[in-house]
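Below is one structure, written out as structure tokens; the observations come after it.
The values are calculated or read from the model by the stated rules, or taken from the named source; none is laboratory data. Computed from a prediction, not measured in an experiment: that's the story for all the values here. Cβ sites come from the backbone with ideal geometry, for glycine too, and all protein chains shown count toward neighbours. Just so you know, the surface numbers come from the protein's heavy atoms only, side chains and all, with ligands and any DNA or RNA stripped out. Shrake-Rupley method; radii C 1.70, N 1.55, O 1.52, S 1.80 Å.
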Amino acid sequence: MAERMKEGWIVDFWSAVFGMLAKVSIFNLLRFITRSGAPSYGFVEAYVLFHTLLALITLVIASINHSKPVSWLLVALVLYGAVRVFETVVYQINVLLFDEYRAHKAKKEYKVRSFRRLVLLLLHNYLEVLCWFGVFYTFFYRSGDLTIPAQDIEFFTIFRESLLMMIAFSPERNEPTTSLGMAVITIHSFIGIFMTV
């Protein structure tokens, strides 16, 4: 077992990087504010479900109001969504690659409540990220960084465009018009590859 854990400095390096990145999260902030140790399984499930629903509802509202000017509420939700996407990707990388490694290295027992639960939470995260990118698309459409035919801007079209970027890595209708728009689509493709695999 000890031999298996000697996987090279590259594993230790990225384990340390993603361990530090995990500290930059809303979840970690909540733990700090409440001064709690490890959160309960029920809290984690509620946290994931709340954020999935928040992203879905935000996408519905952003799609309906696509022709209105950008509001401060939308800006705040886009920024919050970006933090959540970052947090989700870092969390998934830690769970899939480094949590077990760190536990074995510290000579602690590593366990998950159940793999079925883990997969369900991952699917919620997948849907949440998909919806946040849909919100980003409506935002960057309004800012002129992406073009989407006006008749195509409605919930299911935006949802489908975001899904295509997650699984096929290419949009059907939206096109970047600026470097920022290209960056959003590229980041979405990169995250889509990771989360799909």
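Do we have Y91 as over 13 Å from W132 (Cα atoms) and within 17 Å of the chain's Cα centre (by Cα) here? Quick ask: steps written out before the conclusion?
Working: over 13 Å from W132 (Cα atoms): yes; within 17 Å of the chain's Cα centre (by Cα): yes.
Yes.
Of (1) open to solvent by 60 Å² or more (accessible area, probe 1.4 Å); (2) within 19 Å of T58 (Cα to Cα); (3) of a type in the set (S, T, Y), T157 satisfies all except one. Which?
(1)
Go through T88, T58, T52 for me and flag whichever is free of Cβ contacts under 8 Å to residues at least 60 places away in the same chain and either polar (S, T, N, Q) or assigned to a helix (DSSP H, G or I) (or both). Reasoning before the result, please.
Details: T58 fails: free of Cβ contacts under 8 Å to residues at least 60 places away in the same chain; T52 fails: free of Cβ contacts under 8 Å to residues at least 60 places away in the same chain.
Criteria check complete, one pass: T88.
Given the options M195, M165, M182, name the one that is in a helix (DSSP H, G or I), within 30 Å of F43 (Cα to Cα) and not acidic (D, E). I'd like the intermediate steps shown before the answer.
On the way: M165 fails: within 30 Å of F43 (Cα to Cα); M182 fails: within 30 Å of F43 (Cα to Cα).
On inspection, the qualifying residue turns out to be M195.
Listed here are the residues, each with its yes/no results for (1) of a type in the set (K, R); (2) in contact with a strand residue (DSSP E or B) (Cβ under 6 Å, 6 or more places away or on another chain); (3) modelled with pLDDT under 90.
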site: Y126; (1), (2), (3): no, no, no
site: I153; (1), (2), (3): no, no, yes
site: F156; (1), (2), (3): no, no, yes
site: I185; (1), (2), (3): no, yes, yes
site: F190; (1), (2), (3): no, no, yes
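Restricting the range 102-118 to residues that are surrounded by 10 or more Cβ atoms within 10 Å (Cβ to Cβ) and small (G, A, S), which is nearest to F18 (Cα to Cα)? Full working, then the answer.
First, pick out the residues of the range 102-118 that are surrounded by 10 or more Cβ atoms within 10 Å (Cβ to Cβ): 102-105, 110, 112-114, 117-118.
Now narrow it down to the ones that are small (G, A, S): 103, 114.
On the way: A103: 14, S114: 23 Å.
So the residue we want is A103.
Within the range 60-72, is there a residue that is in contact with a helix residue (DSSP H, G or I) (Cβ under 6 Å, 6 or more places away or on another chain), within 22 Å of E154 (Cβ to Cβ), open to solvent by less than 60 Å² (accessible area, probe 1.4 Å) and at pLDDT 90 or above?
Yes, the range 60-72 contains at least one residue that is in contact with a helix residue (DSSP H, G or I) (Cβ under 6 Å, 6 or more places away or on another chain), within 22 Å of E154 (Cβ to Cβ), open to solvent by less than 60 Å² (accessible area, probe 1.4 Å) and at pLDDT 90 or above.
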